[in-house]
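In what follows, a single structure is set out as structure tokens and then discussed.
The values are calculated or read from the model by the stated rules, or taken from the named source; none is laboratory data. What you see is a predicted model; the values in this text were computed from it and never measured. For neighbour counting, all protein chains shown are included, and Cβ atoms are generated from backbone atoms with ideal geometry for every residue, glycine included. Surface accessibility is based on the protein's heavy atoms, side chains included, excluding ligands, DNA and RNA. Shrake-Rupley method; radii C 1.70, N 1.55, O 1.52, S 1.80 Å.
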Amino acid sequence: MSIILTQSFTGISIGAVLLLIALGLSLTFGQMGVINMAHGEFIMAGAYTVYLLQGPLSSAGMSLLVALPTAFLVAGAMGVLLEWLLIRRLYARPLDTLLVTWGVSLMLQQLARDLFGAPNVHTEIPGWLSGRVTVIGGDDPLTLTHARLFILALALAAVVALTLALRLTPLGRRIRAVVQHRDLAEASGIATARVDRITFFIGSGLAGLAGVALTLVGPIGPTMGTNVIIDAFLVVVVGGIGQLRGAVIAAFALGVLQAVMEYSTTVSVARVTVLIAIVAFLQWRPQGIYTLRTRSLA
Amino acid sequence: MTDFLHRRRAPAGYALAAVLLFALAPLLLSDFRLGQFARYLCIAIVAVGIALAWGRGGMLVLGQGLFFGVGGYAMAMHMKLADAGPGGLPDFMLLYGTADALPWWWEPFRSPAVALAAVLLLPMGLAAVIGWFVFRRRVRGAYFAILSQALAAAFAILLIGQQATTGGSNGLTDFQGFFGYSLLDPVNRRTVYFVIAATLLALMLLTRQIFHSRYGELLVAVRDAEERVRFLGYDPALVKLAAYVASAGMAGVAGALFVPAVGIISPALIGIVPSIQFVIGAAIGGRASVVGVVLGAIAVAWAQTVLSEEFPSAWTYFQGGLFVVVIAFLPGGIASLWQLATRRRARTEAVTAA
């Protein structure tokens, strides 16, 4: 019993990281259909923001809090630049967007290597995040680190904020209108190009937030984006296009599955099993957990 | 005269390529450079498969490293066992001392016939299973691309995790012989090069035939308007499956030839990054043209060797930048420059004639 509980808590904390890295993608890929392979490098940019801010701001806790909005702005600005320079010319060719943004990600990785060096760098974890909480005491205690809880809270806060923004604000209404029917939205007087750019800003900014969170659980390096981007895409694919709740469910389901498989086998076998499970799941629901009802034939 | 040239252009081009590959390259290149060239040709074989699956079939195969790796490991396992002699264990297993008996799935690869069959049939069988499940449920576009990429990544992770039986991240290396011939002898290495060149030419001709066949037309139709093809009574899943399986077979053969030519196969050669690099060469050359992808793959691999030795940082920017510019502004690749030029010339001639 305790093992199941421990593994599901591990799974939820893996799922929280997955959710945070996939959230921005579910907006750009899920809502706009743009496959941005450079998303991983926006995450990397967020992580390096923390690293850079720890120089001038000596307190680790302070720099983390300052890094959250800064990383959002930095990654968001990179996203807007990418959208303005390349992606807006390629909306009609989704697969080419994938390849173009991969070329961009290659260059951004090299830029990180030239600016910060190829080896991983480390950041200080603030004191108030380095402890652990004991959830269940006894012989086989279940403890959670503060850092993992912080990531979980950050992920849930981001989901809530994004959901409310999409539901309640005029901007959110415009974004949803463009997602559902671009031509009709444009005919109703919505400047779709501007909405696209703002959506891309928010999605890329969320990648920056994910980067800040990742500094708490792992090293920062030029290849960190490549390591997480596939997982993030798989979460969005399983979750389904156009729905945030799909991404939430998919992230936690994949996290728990990964944790349980890792416990009973090895890490590498667990990765492969999770992937086979995803292929099997797509047999059952090819469009993911939640699908946007359309009259298209696919 | 021009009409005659037009009709004879393709055979003449292939004859020229044969002369280049079989006579000029071995004469002009040193043994070391010829070995490198053999490596580029292996990448070009993968690119021919990509032209079929992606250029004509519209399936963005981002995970060809999977099939390249399966073919390569099948060949490498046989060569390891042949080096070890009858009943022997491969040297790396003795080194780690973890395996005291040969794992059961290594055993069949002692036979050269089984290994050769596995090089072709394992990747094709794997692709058939994956493709059947994926295409039947109409998973396509970006979904398919990401799934195929994830499969290549998972295969690399699996190989690294099973160090005791697969050599882990070191891969399989230090081969002595290739079907009884010593690989230390330069003459035999040259023979390996000729085998690779002949395979590439044969597969190029085969793919060209496929492009010009009725099936090739159907494949393009599925790429451009899958639903219309379905309404005409064809099953698009089967059409795509055939192209995907064929491209997987080519990648497997390329991987198997890569092993004796380069002398190593490892997870770093088949993961996400090498899988995308296969596509880069094909995209820069011109995704839908056999000659285009081959020239593109060779040129990118060659430029990588030459430039990355001297300017590793600048090379990455150049490769990424070239890729971005070609895909975004010249989707037909370098091969379409030729068409653009001839079309413009034809237009100017028409204007001057009028």
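Looking at the structure I just gave you, is residue B:191 out of contact with any Pro (no Cβ under 6 Å at 6 or more places or on another chain), without any contact (Cβ under 8 Å) to a residue 60 or more places away in the chain and either closer than 27 Å to residue B:70 by Cα or open to solvent by less than 20 Å² (accessible area, probe 1.4 Å) (or both)?
Considered against the rule, which asks whether it is out of contact with any Pro (no Cβ under 6 Å at 6 or more places or on another chain), without any contact (Cβ under 8 Å) to a residue 60 or more places away in the chain and either closer than 27 Å to residue B:70 by Cα or open to solvent by less than 20 Å² (accessible area, probe 1.4 Å) (or both), residue B:191 comes out as yes.
If we keep just the residues of segment B:101-136 that are buried (at least 17 other Cβ atoms within 10 Å of the Cβ) and within 11 Å of chain A (Cβ to nearest Cβ), which is nearest to the chain's Cα centre (by Cα)?
B:130
Just wondering, is there one or more residues in segment B:266-274 that are among the aliphatic types (A, V, I, L, M) and outside any helix (DSSP H, G or I)?
Yes, there is a match, as at least one residue in segment B:266-274 is among the aliphatic types (A, V, I, L, M) and outside any helix (DSSP H, G or I).
Here is a list of conditions, (1) on the phi < 0 side of the Ramachandran plot; (2) among the basic types (Lys, Arg); (3) at pLDDT below 90, and residue B:208 meets all of them except one; can you say which number that is?
Going through (1) on the phi < 0 side of the Ramachandran plot; (2) among the basic types (Lys, Arg); (3) at pLDDT below 90 one by one, residue B:208 breaks only (3).
Hey, can you tell me all the residues within segment A:78-110 that are open to solvent by 50 Å² or more (accessible area, probe 1.4 Å), farther than 13 Å from residue A:38 by Cα, assigned to a helix (DSSP H, G or I) and aliphatic (A, V, I, L, M)?
Correct list: A:85 only.
Quick one: in segment B:137-146, which of the residues that are within 13 Å of residue B:60 (Cα to Cα) and within 7 Å of chain A (Cβ to nearest Cβ) is modelled with the highest pLDDT?
B:145
Against the conditions (1) within 14 Å of chain A (Cβ to nearest Cβ); (2) buried (at least 18 other Cβ atoms within 10 Å of the Cβ); (3) touching a residue at least 12 places away in the same chain (Cβ under 8 Å); (4) closer than 17 Å to residue B:56 by Cα, where does residue B:247 fall short? Just the number, please.
(1)
Working carefully through the options A:236, A:256, find the one that is out of contact with any His (no Cβ under 9 Å at 6 or more places or on another chain) and either on the phi > 0 side of the Ramachandran plot or surrounded by fewer than 22 Cβ atoms within 10 Å (Cβ to Cβ) (or both).
After ruling out the rest, the residue left standing is A:256.
For the structure I just gave you, tell me whether residue B:241 is open to solvent by 10 Å² or more (accessible area, probe 1.4 Å), more than 14 Å from every other protein chain (Cβ to nearest Cβ) and more than 22 Å from residue B:302 (Cβ to Cβ).
Criteria met by residue B:241.
Restricting to segment A:45-58, and then to whatever is open to solvent by 10 Å² or more (accessible area, probe 1.4 Å) and hydrophobic (A, V, I, L, M, F, W, C), can you tell me which residue is modelled with the highest pLDDT?
Once the filter is applied, the top-ranked residue is A:45.
Kindly indicate whether any position in segment A:39-58 is facing chain B (nearest Cβ under 10 Å) and either in a loop (DSSP other than H, G, I, E, B) or on the phi > 0 side of the Ramachandran plot (or both).
no
With the structure loaded, tell me whether residue B:224 is over 28 Å from residue B:25 (Cβ atoms) and open to solvent by 10 Å² or more (accessible area, probe 1.4 Å) or whether it fails that test.
yes
Name every residue in segment B:306-327 that is surrounded by 15 or more Cβ atoms within 10 Å (Cβ to Cβ), more than 7 Å from every other protein chain (Cβ to nearest Cβ) and closer than 21 Å to residue B:293 by Cα, in order of residue number.
Of everything in segment B:306-327, those that are surrounded by 15 or more Cβ atoms within 10 Å (Cβ to Cβ), more than 7 Å from every other protein chain (Cβ to nearest Cβ) and closer than 21 Å to residue B:293 by Cα turn out to be B:307, B:315, B:318, B:322, B:326.
Name the single residue, out of those in segment B:329-339 being open to solvent by less than 80 Å² (accessible area, probe 1.4 Å) and part of a helix (DSSP H, G or I), that is modelled with the lowest pLDDT.
Within segment B:329-339, the match that is modelled with the lowest pLDDT is B:335.
Being surrounded by fewer than 17 Cβ atoms within 10 Å (Cβ to Cβ) and either touching a Leu at 6+ places or on another chain (Cβ under 6 Å) or on the phi > 0 side of the Ramachandran plot (or both) is the filter here; which residues of segment B:142-170 pass it?
If the condition is that a residue be surrounded by fewer than 17 Cβ atoms within 10 Å (Cβ to Cβ) and either touching a Leu at 6+ places or on another chain (Cβ under 6 Å) or on the phi > 0 side of the Ramachandran plot (or both), then B:168 is the only one that fits.
List the number of the failed condition for residue A:67; all other conditions in (1) surrounded by 13 or more Cβ atoms within 10 Å (Cβ to Cβ); (2) within 14 Å of chain B (Cβ to nearest Cβ); (3) not in a loop (DSSP other than H, G, I, E, B) hold.
Only one criterion in (1) surrounded by 13 or more Cβ atoms within 10 Å (Cβ to Cβ); (2) within 14 Å of chain B (Cβ to nearest Cβ); (3) not in a loop (DSSP other than H, G, I, E, B) is unmet by residue A:67, namely (2).
Take residue A:280 and tell me if it is over 18 Å from the mean Cα position of the chain (by Cα) and either on the phi < 0 side of the Ramachandran plot or assigned to a helix (DSSP H, G or I) (or both).
yes
Please list, ordered by first then second residue, the pairs with beta carbon atoms under 9 Å, 6 or more apart or interchain, first in segment A:261-280 and facing another protein chain (nearest Cβ under 8 Å), second open to solvent by 60 Å² or more (accessible area, probe 1.4 Å) and of a type in the set (A, V, I, L, M).
Final answer for the pair search is A:268/B:160.
Can you say whether residue A:250 is open to solvent by less than 20 Å² (accessible area, probe 1.4 Å), assigned to a helix (DSSP H, G or I), more than 20 Å from residue A:105 (Cβ to Cβ) and touching a Gly at 6+ places or on another chain (Cβ under 6 Å), as far as the supplied structure shows?
yes
Can you find, within segment B:262-286, the residue that is farthest from residue B:34 (Cα to Cα) among those that are open to solvent by 40 Å² or more (accessible area, probe 1.4 Å) and in contact (Cβ under 8 Å) with a residue 12 or more places away in the chain?
Looking at the filtered set, the residue picked out is B:268.
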